[in-house]
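> I'd like to ask you about the structure that follows.
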Amino acid sequence: DTAVSQTPKYLVTQMGNDKSIKCEQNLGHDTMYWYKQDSKKFLKIMFSYNNKELIINETVPNRFSPKSPDKAHLNLHINSLELGDSAVYFCASSQDPAREQFFGPGTRLTVL
Amino acid sequence: RKEVEQDPGPFNVPEGATVAFNCTYSNSASQSFFWYRQDCRKEPKLLMSVYSSGNEDGRFTAQLNRASQYISLLIRDSKLSDSATYLCVAGPMDSSYKLIFGSGTRLLVRP
């Protein structure tokens, strides 16, 4: 199936740990994104890559580091996890930054 | 003022009703507009793109008013399955490349 996929779907971990979330799209899109949706359901952009180049880097703690090994993949690594990092993280992709975005199923991160 | 503003609702309507949501955006430079639907514990899914003055897809009609900087979504003949949160999206604005998501309007369709 053509889609945006993320792994893992659920992630439960202790404070202070380092974890990664992976995202892959097979839609042939050039642009990929990471969003954070907190308990208030507000969807906030974190990062975006266009053709492997970082084009959006919002005010996010530098514990968060995106990596795009190729156009089809955008991973998110989080160091020294904190309680406030608990949220749902969505990956998305689009043909270009002005076009509609397609979202992955989300990764529900719980930091204990 | 929020960049994209929506009434959070919830809108509670009976099956078969017509319901309309409005959304305002602050930056007149916005060029693309979308409506997404998000079910509980699921990802946002594209409902409609609005590139010109409006768009219609079955029971759903979106309209764009650039002069007043608002976008509307009309749902006719509501179904139980329409119950969800509807997200209004505008962007990108200037060279930021960002789409800005509203916080969503919750719709509950009752039998």
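Laboratory data are not the source of any read-out in this text; all were calculated from the coordinates shown. Note that the structure is predicted; figures quoted are calculated from it, not measured. Every residue, glycine as well, gets a Cβ built from its backbone with ideal geometry; the counts of neighbours run over all protein chains shown.
> Please compute the volume of the convex hull spanned by the alpha-carbon atoms of the range A:1-90 and report it per residue in Å³.
Convex hull of Cα atoms, per residue: 96 Å³.
> Grab chain A and count how many Lys pairs have their alpha-carbon atoms under 23 Å apart, sequence gap of 8 or more, or different chains.
29
> List the GluC sites (Glu not before Pro) within the range A:1-76 that DSSP assigns to loop and that have no more than 15 neighbouring Cβ atoms inside 10 Å. Let's see the in-between values first.
Working: sites: A:Glu24, A:Glu53, A:Glu58; in loops: A:Glu58.
Answer in residue order: A:Glu58.
> Counting other Cβ atoms within 10 Å, keep those with at most 12, restrict to DSSP loop, and tell me which trypsin sites (Lys or Arg not before Pro) in the range A:22-98 are left. Before the final figure, lay out each step's value.
Working: sites: A:Lys22, A:Lys36, A:Lys40, A:Lys41, A:Lys44, A:Lys52, A:Arg63, A:Lys67, A:Lys71; in loops: A:Lys40, A:Lys41, A:Lys52, A:Arg63, A:Lys71.
Here the trypsin sites (Lys or Arg not before Pro) that fit, given the DSSP loop and packing criteria, are A:Lys40.
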